[in-house]
Amino acid sequence: MPIYKAPLRDQQFVMHELLGAVEQLRAMPRYREIDADTVNQVVEEAGRFASEVLLPINRQGDEQGCAYDAKERTVRTPDGFAAAFDAFRDAGWQGLTADEEYGGQALPQLLQVAMDEMRCATNQSWTMYSGLTLGAYECIAHHGSAEQKALYLPKLVSAQWTGTMCLTEPHCGTDLGLLRTKATPQADGSYRITGNKIFISAGEHDMAENIIHLVLARLPDAPSGTRGISLFIVPKFLPEGKGADARVGARNTAYCGGIEHKMGIHGNSTCQMVFEDAGGWLIGEPNKGLNAMFVMMNSARLGVGVQGLGLNEAAYQNAAAYARDRLQGRALNASKAPEGAADPIILHADVRRMLLTARAYAEGGRAFAYWIALMADQQLHHPDEEQRKFGADMMALMTPIVKAFLTDNGFLRASECLQVFGGHGYIREWGMEQLVRDARINMIYEGTNTIQSLDLLGRKVLMDNGAKLRKFGALVQAFVAEHGTSAAMSEFVTPLADLGDKVQKLTMEIGMKALANQDEAGAAAVDYLRVVGHLVFAFFWARMAQVALARREADGDRVEPFYRAKLATARFYFQRLLPETAYHIRAARSGGKSLQEFATDWF
Ligand SMILES: Cc1cc2nc3c(=O)[nH]c(=O)nc-3n(C[C@H](O)[C@H](O)[C@H](O)COP(=O)(O)OP(=O)(O)OC[C@H]3O[C@@H](n4cnc5c(N)ncnc54)[C@H](O)[C@@H]3O)c2cc1C
């Protein structure tokens, strides 16, 4: 059985020592009352819920999967899922960050991200049901009418009702401009929705009394392509009554026509949804549905990045525990356990490399994701307009990086941690193969990681002439200027500054080439995201090293081993992982010719 221990010490380090989160949050009127005790207590409780409620049902969720009843067109989730959702609902976790007027607790996004990391580490499939509900809440809160907010938000906040996002159709995945689902206006102001959606996560289940589908569809006179897409609320059961007193009424004609049998996340129902003239209501303006849906998609992209982080951490913890116990061969230098038949594999250099790689990506990812959570609040709630703009720019720039970099790392680290188990990782007993299978989807949904890289390079960097990237670069430069003269910091600051320069040059070079030929951006994008992802990680690893060094200086020999481990991991990151950028810079600079000169009919 896989193990999991909430990484509370590291979470506290990131929140308090690295980011000074409480101080930053208290600058925002919404969080004026927040304090470190509250933050720590919530994270501890969330960790307990993850370890004690979600972890024990993760394995059976994978083995049982969801079951579809074709007669009733319903889905039964694995044993224990509904009970865990009841416990989650009763404890009020769904409303952690939601507005108080809808029954939420109005706590910072930081706590949501910390909770999600632990929930995904212990049960990604289960966590998706509430993750989509949070996305639906955010979308309706931003774009819904006053009436829609009053009706739906309290139910979503209490998790009495759950949410979905219905974009994908059989012929239309990445390219939403191809979408065909139709919306026909009715005399009473509502719409009839007709069409087929596929791959709809949490589209049908037995964990809540109603499911609120947010559906992209076309109005009769809509322009073609993405300019003609509108967004609709389509409930499974039509609500009766108004506001918070609403109850579920008649069954709407929005059904699950079947579920997918897939590689991982078996406990989450992936549904084919059939809308047969189903009653729906427009959210936001006609033909502006994609804009409205972007609120949900951006929230989901951050959530998916955090899924990658959670699985990375879970894989690391299990591999480290196994490597301490498993005895094979002798350490090359000197046996540490001469009395035994063999040494633990944790002494072998390559096993240590695999473990340290997973640890460095997990801790770097945590620092990055928690900082982004602060930016998410800053963009909405900071009293200073410039700070709000800074938060919004960082969110825009970093969303594709969080999504793609953390999920690539999550899958690759899960696979490498499975390797630590040798053949025992490949069999089911230890749970490692489930982590690998579950982690694979994160690189695909919510816009494949290729699409994230195109978004980063095209929309977020080149289209705004690198302005947002320069804002992040200014943070890096300020750190380099402050610590560049410290001898102890030079092993971190020098490569950070060097990478910053290289990213600048690479961006200009690709930008110039792309002006002449857009294929050049397409050819460079995936490598480019990997390089910028490392710039972000190098920045946070250098900052973490600086905090650890300061503690070592203050505490001398009595310094807590945690800080020594942090420094050692920082060194490993800079010496063994950051050099990956040399390869990606070279590949990105090589341009698109080698991809294009191969004729399509030679494949
Ligand atoms: C388990 C699961 C759950 C899902 N949950 C949901 C959900 O809740 N709601 C929902 O609406 N959808 C959901 N999806 C759908 C998911 O978002 C899509 O599968 C994903 O966006 C990719 O679309 P596609 O599968 O049609 O692939 P395609 O769009 O056909 O892409 C195929 C390949 O081509 C590449 N490609 C496509 N266009 C370009 C381009 N312009 N440039 C470069 N490369 C390109 C892609 O990167 C990919 O590698 C889910 C999918 C799965 C498998």
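The values are calculated or read from the model by the stated rules, or taken from the named source; none is laboratory data. Owing to the predicted nature of the structure, the values given are computational and were not obtained by experimental measurement. Here the Cβ positions follow ideal geometry from the backbone for every residue, glycine too, while neighbour counts run over all protein chains shown. When the accessible area is computed, the model is the full protein with side chains, heavy atoms only, and any ligands, DNA or RNA have been set aside. Shrake-Rupley method; radii C 1.70, N 1.55, O 1.52, S 1.80 Å.
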When region 227-252 is examined, which residues are found to be surrounded by fewer than 16 Cβ atoms within 10 Å (Cβ to Cβ) and farther than 20 Å from Ser145 by Cα? Arg227, Gly249, Ala250, Arg251
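Report, by residue number, each residue of region 478-516 that is among the hydrophobic types (A, V, I, L, M, F, W, C) and closer than 15 Å to Phe540 by Cα.
Result: Ala478, Phe479, Val480, Met489, Phe492, Val493, Leu496, Ala497, Leu499.
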Would you be able to say whether some residue in region 121-129 is buried (at least 24 other Cβ atoms within 10 Å of the Cβ), within 27 Å of Arg218 (Cα to Cα) and among the aromatic types (Phe, Trp, Tyr)? yes
Give the residue that is farthest from Pro154 (Cα to Cα), with candidates limited to residues of region 67-106 that are in a loop (DSSP other than H, G, I, E, B) and among the aliphatic types (A, V, I, L, M). Ala70
Using beta carbons and a limit of 9 Å, which pairs, at least six apart or on different chains, have the first residue in region 437-455 and at pLDDT 95 or above and the second one near the ligand (Cβ under 9 Å from one of its atoms) and aromatic (Phe, Trp, Tyr)? Tyr445/Phe199
Take the conditions under 21 Å from Leu55 (Cβ atoms), open to solvent by 10 Å² or more (accessible area, probe 1.4 Å) and of a type in the set (Asp, Glu) and apply them to Glu285. Does it pass? no
Exactly one of Glu17, Glu72 is in contact (Cβ under 8 Å) with a residue 60 or more places away in the chain, over 21 Å from Arg119 (Cα atoms), open to solvent by 20 Å² or more (accessible area, probe 1.4 Å) and charged (D, E, K, R), and that one is Glu17
With the requirement that a residue be under 10 Å from Val113 (Cβ atoms) and not aromatic (Phe, Trp, Tyr), what does region 367-382 give you? Ala369, Ile372, Ala373, Leu374, Ala376
Where residues in region 189-206 are within 16 Å of the ligand (Cβ to nearest atom) and in a strand (DSSP E or B), which of them is farthest from Ala217 (Cα to Cα)? Ser201
Can you name the residue in region 144-188 that is assigned to a loop (DSSP other than H, G, I, E, B), away from the ligand (no atom under 16 Å from the Cβ) and aliphatic (A, V, I, L, M) and, of all such residues, is most open to solvent (accessible area, probe 1.4 Å)? Ala187
Among (1) β-branched (Val, Ile, Thr); (2) under 30 Å from Gln186 (Cα atoms); (3) modelled with pLDDT of 95 or more; (4) within 28 Å of the chain's Cα centre (by Cα), Val304 falls short only on (2)
Please state which one of Gly484, Gly466 is on the phi > 0 side of the Ramachandran plot, away from the ligand (no atom under 16 Å from the Cβ) and more than 21 Å from the chain's Cα centre (by Cα). Gly466
Is there a residue being assigned to a helix (DSSP H, G or I), crowded, with 23+ Cβ neighbours inside 10 Å and of a type in the set (A, V, I, L, M) anywhere in region 316-337? yes
If you go through region 578-586 one residue at a time, do you hit one that is over 21 Å from Met354 (Cα atoms), at pLDDT 95 or above and crowded, with 19+ Cβ neighbours inside 10 Å? yes
If I filter region 367-380 for residues that are open to solvent by 40 Å² or more (accessible area, probe 1.4 Å) and either farther than 28 Å from Gln546 by Cβ or of a type outside the set (A, V, I, L, M) (or both), do I get at least one hit? yes
Would you be able to say whether some residue in region 547-565 is open to solvent by less than 20 Å² (accessible area, probe 1.4 Å), touching a residue at least 40 places away in the same chain (Cβ under 8 Å) and not aliphatic (A, V, I, L, M)? no
Mind checking which pairs have a first residue in region 325-352 that is at positive phi and a second that is open to solvent by 40 Å² or more (accessible area, probe 1.4 Å), Cβ under 9 Å, 6 or more apart or different chains? Gly329/Leu347; Gly329/His348
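Can Glu433 be described as more than 16 Å from the ligand (Cβ to nearest atom), surrounded by 15 or more Cβ atoms within 10 Å (Cβ to Cβ) and acidic (Asp, Glu)?
It is true that Glu433 is more than 16 Å from the ligand (Cβ to nearest atom), surrounded by 15 or more Cβ atoms within 10 Å (Cβ to Cβ) and acidic (Asp, Glu).
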Condition first: open to solvent by 30 Å² or more (accessible area, probe 1.4 Å) and free of Cβ contacts under 8 Å to residues at least 60 places away in the same chain. Now tell me which residues in region 388-421 satisfy that. Arg388, Lys389, Ala392, Leu412, Ser415
Thr97: passes all of (1) open to solvent by less than 40 Å² (accessible area, probe 1.4 Å); (2) touching a residue at least 40 places away in the same chain (Cβ under 8 Å) but (2)
Which residue out of Ala300, Ala315 is under 30 Å from Ile401 (Cβ atoms), within 13 Å of the ligand (Cβ to nearest atom) and of a type in the set (Gly, Ala, Ser)? Ala300
Being more than 16 Å from the ligand (Cβ to nearest atom), assigned to a helix (DSSP H, G or I), farther than 19 Å from Leu302 by Cβ and open to solvent by less than 20 Å² (accessible area, probe 1.4 Å) narrows it down to one residue among Leu515, Leu496; which is it? Leu496
Inter-residue pairs, beta-carbon under 6 Å, first in contact (Cβ under 8 Å) with a residue 40 or more places away in the chain and in region 284-313, second open to solvent by 30 Å² or more (accessible area, probe 1.4 Å) and of a type in the set (Ser, Thr, Tyr), 6+ apart: Leu290/Thr226
Search region 261-277 for residues that are over 20 Å from Leu54 (Cα atoms) and within 12 Å of the ligand (Cβ to nearest atom) and pair each with any residue that is at pLDDT 95 or above and of a type in the set (Lys, Arg) when their beta-carbon atoms are under 8 Å apart and the residues are at least 6 apart or on different chains. Met263/Arg437; Met263/Arg440; Gln272/Lys197; Met273/Lys197
